[in-house]
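The values are calculated or read from the model by the stated rules, or taken from the named source; none is laboratory data. Owing to the predicted nature of the structure, the values given are computational and were not obtained by experimental measurement. Note that we place each Cβ from the backbone using ideal geometry, even for glycine, and neighbour counts take in every protein chain shown. Surface areas here come from the heavy atoms of the whole protein model, side chains and all, with no ligands, DNA or RNA. Shrake-Rupley method; radii C 1.70, N 1.55, O 1.52, S 1.80 Å.
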Amino acid sequence: MQEKRIGILNAQTTINTLRTLAMDAVQKANSGHPGTPMALAPVAYSLWQYCLQYDPANPTWINRDRFVLSNGHASMLLYGLLYLAQVKGSVRLEDIQQFRQLGSRCPGHPEYLHTAGVEVTTGPLGQGLANSVGMALAAQWKAARYNKADFELFNYQVYAICGDGCLMEGISSEAASLAGHLQLPNLCWIYDNNHITIEGSTNLAFTEDVQKRFESYGWVVRHVADANNLEALHHSLTQIRNETKPCLLIVDSQIGYGAPHKQNTAAAHGEPLGQEEIKLTKKAYGWPEEGAFEVPKEALDDFAQGLGARGHAQTQAWDALRSAYAKTYPELATELSLLENQQLPADWDANLPIFPADSQGMAGRAASSKVLNAIAKQIPWFLGGSADLAPSTKTWIEASSPISTGAFEGRNLHFGIREHAMGAILNGLALSHLLPYGSTFFTFSDYLKPSLRLSALMGLPVTYVFTHDSIGVGEDGPTHQPIEHLMALRAIPGFTVLRPADANEVTEAWRSILSARAPTAIILTRQNLPTLDRCRYAPATGVSQGAYVLADSENPQVILMGTGSEVSLCIQAFEILKTQGISSRVVSMPSWEIFARQPAEYRESVFPSALRARVAVEAGATLGWERYVGLDGAILGMHDFGQSAPADVLQSHFGFTASNIVELAHEQIRKPRHRL
């Protein structure tokens with residue numbers, strides 16, 4: 001009885017340490033969100049101290065449970081946990097004291113790779129929830145592939161804490177619907193039901209029955225009526241680990257718990273409590289009222305004796321299991337090692353297709369399908385799917401089955417018509433060491449842009465396969481014809497865009513994507529493109545440099561440059577100019593981003609600064625091409641939305657013809673130029 005009492009006292013000390021660290025950090029920064037950490041400290045404590053399969057000394061252990069703070073504005077809750085648990089290489093007390101300051105490991109929202117122990121960057125509400133679906137799915141896939149009788153290598157759970165805002169955002173509905181359909185048994189969302197948002201009570205805009213909503217998705221729903229009831233929390237969290245469906249744990253809490261004037265108010269959400277309110281709150285906790293950042297030794301010892309000791313024992317046992325597994329299943333063990341270390345198998349690209357010259361050619365999406373399937377034969381953890389468009393985007397792995405309810409060993413994902421969640425789920429898969437891709441029509445990239453941006457922010461090896469890339473879509477009309485999308489993606493820092501010009505450039509684009517292991521979009525045509533004669537023109541290996549001289553003349557008078565389907569038009573114009581006695585150069589520019597990373601000498605060799613007569617051709621918005629054609633160069637692009645008509649009619653209507661390019665080339669050659 002005495003031991004139980006000591007445990008309760010230590011728990012309350014640790015919980016109040018989490019609360020007061022959050023209050024003090026936000027107050028010192030004069031910025032942040034103290035109320036949610038104050039409310040959820042008992043919930044997070046119960047999960048970490050009693051349930052989480054996690055070793056603070058080894059925070060990258062591949063079979064650890066994942067903890068996602070989807071309501072990332074409550075970041076001090078996570079930073080307090082990481083500090084008190086003494087997660088290796090993570091948060092120090094001085095970082096908490098520099099919360100939201102330049103260089104601190106405690107930025108305003110948790111950032112992946114910036115702070116050890118942070119599993120995912122969670123800023124926009126709802127993203128973390130959808131990421132957690134990808135993480136849970138990855139765990140099931142790894143278990144299906146690698147677990148054997150007597151060798152349960154993978155059995156980890158994924159927990160995500162969320163708030164009202166996360167559940168209001170549409171992405172959470174998309175993700176929850178798919179998770180319920182797949183019946184992911186290792187997924188738990190903990191819903192902080194505090195009834196408060198920035199504008200006031202949730203009753204202003206959110207009155208749905210959350211429990212019924214999730215039950216309709218096929219989830220198990222549990223309810224704890226008081227966030228401070230440690231016994232009820234422990235019981236529910238323990239039961240959840242044995243569920244066969246995803247689980248939503250609704251926890252009723254009081255935002256700003258303990259603050260006499262701000263508890264249960266919007267004022268506790270996104271602003272410091274104020275020194276006087278902090279003193280009164282600490283008094284209510286039985287905490288020293290003066291000073292700040294008080295960390296009793298009991299709080300550190302509490303986590304060390306609970307989570308730390310348990311996690312160490314778990315990793316020790318798992319390491320022994322893996323060693324025995326390697327002796328019994330050496331090939332799978334080698335594969336798992338490659339996956340874990342984010343390496344590719346030797347000669348993974350040895351059998352990628354090479355396409356013969358063909359004036360009729362094939363669509364970019366068709367060539368990509370052949371390359372994608374060749375890759376899949378060599379990299380077992382390369383997997384993906386589409387937003388209900390695989391027959392059109394050609395992204396089905398032919399030698400594999402679909403992932404479905406209770407059958408997770410396949411490599412084809414049916415995301416349904418859920419582009420936004422698809423992007424975030426792909427991020428979750430990539431965070432779990434898999435190599436995922438997702439596909440849809442290029443114009444629908446707008447629907448998953450927030451998730452795509454976070455792929456770039458985290459530097460994740462996610463490949464977005466976008467087809468139907470231009471006015472070449474034809475009769476479907478302007479709603480389906482992407483115009484500004486290429487430039488929008490090119491504007492994202494750390495993101496690579498590849499728009500290949502023919503089938504062999506598609507092969508080289510995929511080679512570049514997998515080699516770089518970085519967030520990338522490959523932009524592909526619906527319509528056929530001529531497969532260029534690489535004996536006559538430069539090899540497609542130039543794709544690896546982002547832009548390359550495809551066709552050249554001695555002392556060229558003008559440069560014709562383009563991407564994707566417009567490159568073949570530039571080649572036609574090149575040949576016409578040749579018959580007219582005009583020497584020109586054609587540059588294929590599949591990737592601005594890769595080209596920008598090349599040495600200055602190489603970039604000058606492709607675009608000699610002295611040669612200012614230039615024409616750029618791309619069936620999209622022209623903004624940005626000035627970088628390559630100069631202020632006095634010509635840009636043939638789109639200045640409005642498209643129209644509904646056959647593709648060849650649209651190409652002619654908007655001026656995408658070889659004869660028009662030839663005319664622009666002549667204008668550029670004749671144009672007088674003066675030194676700037």
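Taking Leu102, is it of a type in the set (A, V, I, L, M, F, W, C) and in contact with a Phe, Trp or Tyr (Cβ under 8 Å, 6 or more places away or on another chain)? No.
Residue pairs whose Cβ atoms lie under 7 Å apart, sitting 6 or more positions apart in sequence or on different chains, and linking a residue in the stretch 74-91 that is free of Cβ contacts under 8 Å to residues at least 24 places away in the same chain to a partner that is in a helix (DSSP H, G or I) and surrounded by fewer than 24 Cβ atoms within 10 Å (Cβ to Cβ), do not occur here.
Let's see how each residue does on (1) hydrophobic (A, V, I, L, M, F, W, C); (2) farther than 18 Å from Val26 by Cβ:
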site	(1), (2)
Val87	yes, yes
Arg105	no, no
Ala116	yes, yes
Thr121	no, yes
Asn131	no, yes
Ala138	yes, yes
Phe151	yes, yes
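If you filter the stretch 551-568 down to residues that are in contact with a Lys or Arg (Cβ under 6 Å, 6 or more places away or on another chain) and more than 30 Å from Phe442 (Cα to Cα), you find that the one that is most open to solvent (accessible area, probe 1.4 Å) is Asp552. Evaluation of Phe574 against the conditions (1) in a helix (DSSP H, G or I); (2) over 27 Å from Ile513 (Cα atoms); (3) touching a Phe, Trp or Tyr at 6+ places or on another chain (Cβ under 7 Å) shows that the sole unmet condition is (3).
Quick grid of which residues meet (1) without any contact (Cβ under 8 Å) to a residue 40 or more places away in the chain; (2) part of a helix (DSSP H, G or I); (3) open to solvent by 10 Å² or more (accessible area, probe 1.4 Å):
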site	(1), (2), (3)
Ala521	no, no, no
Arg526	no, no, yes
Val549	no, no, yes
Cys570	no, yes, no
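Of all the listed residues (Tyr329, Tyr325), the sole one being within 30 Å of Leu383 (Cβ to Cβ), open to solvent by 60 Å² or more (accessible area, probe 1.4 Å) and either among the charged types (D, E, K, R) or in contact with a helix residue (DSSP H, G or I) (Cβ under 9 Å, 6 or more places away or on another chain) (or both) is Tyr329.
Only one entry of Ala304, Ala309 meets the criterion of being loosely packed, with under 15 Cβ neighbours inside 10 Å, more than 23 Å from His33 (Cβ to Cβ) and hydrophobic (A, V, I, L, M, F, W, C), and that entry is Ala309. Number of residues in the stretch 311-349 that are in contact (Cβ under 8 Å) with a residue 24 or more places away in the chain, within 30 Å of Val506 (Cα to Cα) and not in a helix (DSSP H, G or I): the value is 6. The numbered conditions (1) assigned to a helix (DSSP H, G or I); (2) surrounded by 19 or more Cβ atoms within 10 Å (Cβ to Cβ); (3) in contact (Cβ under 8 Å) with a residue 60 or more places away in the chain are all true for Phe355 except (1). Tyr45: at pLDDT 95 or above, surrounded by 24 or more Cβ atoms within 10 Å (Cβ to Cβ) and over 15 Å from Gly108 (Cα atoms), yes or no? Here the answer is yes, as Tyr45 does meet what is asked.
Rundown of residues vs (1) among the hydrophobic types (A, V, I, L, M, F, W, C); (2) crowded, with 18+ Cβ neighbours inside 10 Å, yes/no style:
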position	(1), (2)
Val68	yes, yes
Gly72	no, yes
Leu84	yes, yes
Val87	yes, yes
Leu93	yes, no
Phe99	yes, yes
Glu111	no, yes
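Residue-level check: of (1) open to solvent by 10 Å² or more (accessible area, probe 1.4 Å); (2) out of contact with any helix residue (DSSP H, G or I) (no Cβ under 9 Å at 6 or more places or on another chain), Ile513 misses just (1).
Please work out if Arg627 is within 31 Å of the chain's Cα centre (by Cα) and farther than 23 Å from His468 by Cα. Against the criterion (within 31 Å of the chain's Cα centre (by Cα) and farther than 23 Å from His468 by Cα), Arg627 qualifies. Is it the case that the stretch 577-600 has a residue that's open to solvent by 10 Å² or more (accessible area, probe 1.4 Å), among the aromatic types (Phe, Trp, Tyr) and under 19 Å from Val629 (Cβ atoms)? Yes, some residue in the stretch 577-600 is open to solvent by 10 Å² or more (accessible area, probe 1.4 Å), among the aromatic types (Phe, Trp, Tyr) and under 19 Å from Val629 (Cβ atoms). If you check Thr197, Thr244 for being modelled with pLDDT under 95 and not aliphatic (A, V, I, L, M), only one passes: Thr197. For Thr440, the conditions (1) within 25 Å of Leu182 (Cα to Cα); (2) outside any helix (DSSP H, G or I); (3) open to solvent by 10 Å² or more (accessible area, probe 1.4 Å); (4) touching a helix residue (DSSP H, G or I) at 6+ places or on another chain (Cβ under 6 Å) all hold with the exception of (3).
Flag: Ala292 does not match the condition of being small (Gly, Ala, Ser) and under 34 Å from the mean Cα position of the chain (by Cα). Those residues that are hydroxyl-bearing (Ser, Thr, Tyr), part of a loop (DSSP other than H, G, I, E, B) and in contact with an Asp or Glu (Cβ under 7 Å, 6 or more places away or on another chain), I need them from the stretch 6-62; list them, please. Across the stretch 6-62, the qualifying residue is only Tyr54. On the stretch given as the stretch 359-410, residues that are touching a residue at least 24 places away in the same chain (Cβ under 8 Å), in a strand (DSSP E or B) and not hydrophobic (A, V, I, L, M, F, W, C) total 7. Using the structure shown, decide if His414 is surrounded by fewer than 18 Cβ atoms within 10 Å (Cβ to Cβ), within 15 Å of the chain's Cα centre (by Cα) and modelled with pLDDT of 95 or more. Taking the combined requirement at face value, the residue does not satisfy it. Of the residues making up the stretch 68-88, those that are assigned to a loop (DSSP other than H, G, I, E, B) and under 17 Å from Leu300 (Cβ atoms) are Ala85, Gln86, Val87, Lys88. Only residues that are surrounded by fewer than 19 Cβ atoms within 10 Å (Cβ to Cβ) and in contact with a strand residue (DSSP E or B) (Cβ under 7 Å, 6 or more places away or on another chain) were counted across the stretch 203-220, and they come to 4. Among the residues of the stretch 223-232, are any under 26 Å from Glu174 (Cβ atoms) and surrounded by 13 or more Cβ atoms within 10 Å (Cβ to Cβ)? Among the residues of the stretch 223-232, at least one is under 26 Å from Glu174 (Cβ atoms) and surrounded by 13 or more Cβ atoms within 10 Å (Cβ to Cβ), which makes the answer yes.
In the stretch 254-277, the residues that are without any contact (Cβ under 8 Å) to a residue 24 or more places away in the chain and acidic (Asp, Glu) reach residues that are open to solvent by 30 Å² or more (accessible area, probe 1.4 Å) and part of a loop (DSSP other than H, G, I, E, B) with C-beta atoms within less than 7 angstrom, at least six apart or across chains, in these pairs: Glu277/His261; Glu277/Lys262. Considering the stretch 160-192 alone, what residues qualify as being small (Gly, Ala, Ser), open to solvent by 10 Å² or more (accessible area, probe 1.4 Å) and either without any contact (Cβ under 8 Å) to a residue 60 or more places away in the chain or assigned to a strand (DSSP E or B) (or both)? If the condition is that a residue be small (Gly, Ala, Ser), open to solvent by 10 Å² or more (accessible area, probe 1.4 Å) and either without any contact (Cβ under 8 Å) to a residue 60 or more places away in the chain or assigned to a strand (DSSP E or B) (or both), then Ser173 is the only one that fits.
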